Amino acid sequence: MSTRLITETLELASQDSEGKESDDLFTLAYDMLYQRHPAFKELFVMDDDGSVRGSMLQTALEYILLYTDDDPTLPQQMRGACYNHQGYGVEVEHFAIFFTIIRDCIASTCGDKWQAPHTQAWDTMLTHFNTLVED
């Protein structure tokens, strides 16, 4: 049930107000990230064309879809990502921050269609993600 609600919010957020596909999540997510956590901008100083940030957002969304599909490889993939990012100065808690930003962007994009059960579903997933990377 809760994974269906997450998928629903992703679908709602992928469309603009006219029902057309929207690709503005990238801009919204990184604007929100830098506004809330300005120090994160320094992690991307060499990403002139946005490709690293784009890949990072895509990978995070893929992890969310793995969660909704109950994919057994999710824990290993997330732990691997944490390990690989240590050399770039990315701490484990930064993963939670980024996934929270994604949730908040999705909620903002969904507007009035975002309801309390959506919040509960995302909170459950975020708690699960935190457990995976903190082990």
Exercise. Residue by residue through region 68-78, which ³J(HN,Hα) values in whole Hz follow from phi under the Karplus form 6.51 cos²θ - 1.76 cosθ + 1.60 (θ = phi - 60°), with glycine and proline marked x?
Worked result: 5, 8, 6, 6, x, 8, 4, x, 5, 5, 5
Exercise. If contacts are Cα pairs under 8 angstrom and at least 6 residues apart, what is the relative contact order of region 1-103 in percent?
Worked result: 28 percent
For this session: In whole Hz, with x marking every Gly and Pro, tabulate ³J(HN,Hα) for region 98-105 from phi via Karplus 6.51 cos²θ - 1.76 cosθ + 1.60, θ = phi - 60°.
Result: 5, 5, 5, 4, 4, 4, 5, 5
For this session: State to the nearest 20 debye the size of the charge dipole of region 30-135 about its Cα centre, where the only charges are +1 on K and R beta carbons and -1 on D and E beta carbons.
Result: 160 debye
For this session: Report, by chain and number, residues whose modeled amide H sits under 5 Å from the one on Gln15, excluding near sequence neighbours (fewer than 5 apart, same chain).
Result: Ser22
Exercise. Karplus couplings for region 83-90 from phi (6.51 cos²θ - 1.76 cosθ + 1.60, θ = phi - 60°), rounded to Hz, Gly and Pro as x?
Worked result: 4, 5, 8, 4, x, 9, x, 8
For this session: Just name one of Thr124, Met56, Leu43: the one whose Cα is farthest towards the positive end of the charge dipole of the chain (beta-carbon charges, Lys/Arg +1, Asp/Glu -1).
Result: Thr124
Exercise. How long is the gain from Gln115 to Phe26 if the chain were fully straight, where each residue apart is worth 0.36 nm and the alpha carbon distance is subtracted?
Worked result: 29.7 nm
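No value in this document is a laboratory result; all are computed from the given coordinates. Source: prediction; values computed, not measured. Note: ideal-geometry Cβ built from the backbone for every residue, glycine included; neighbour counts use all protein chains shown.
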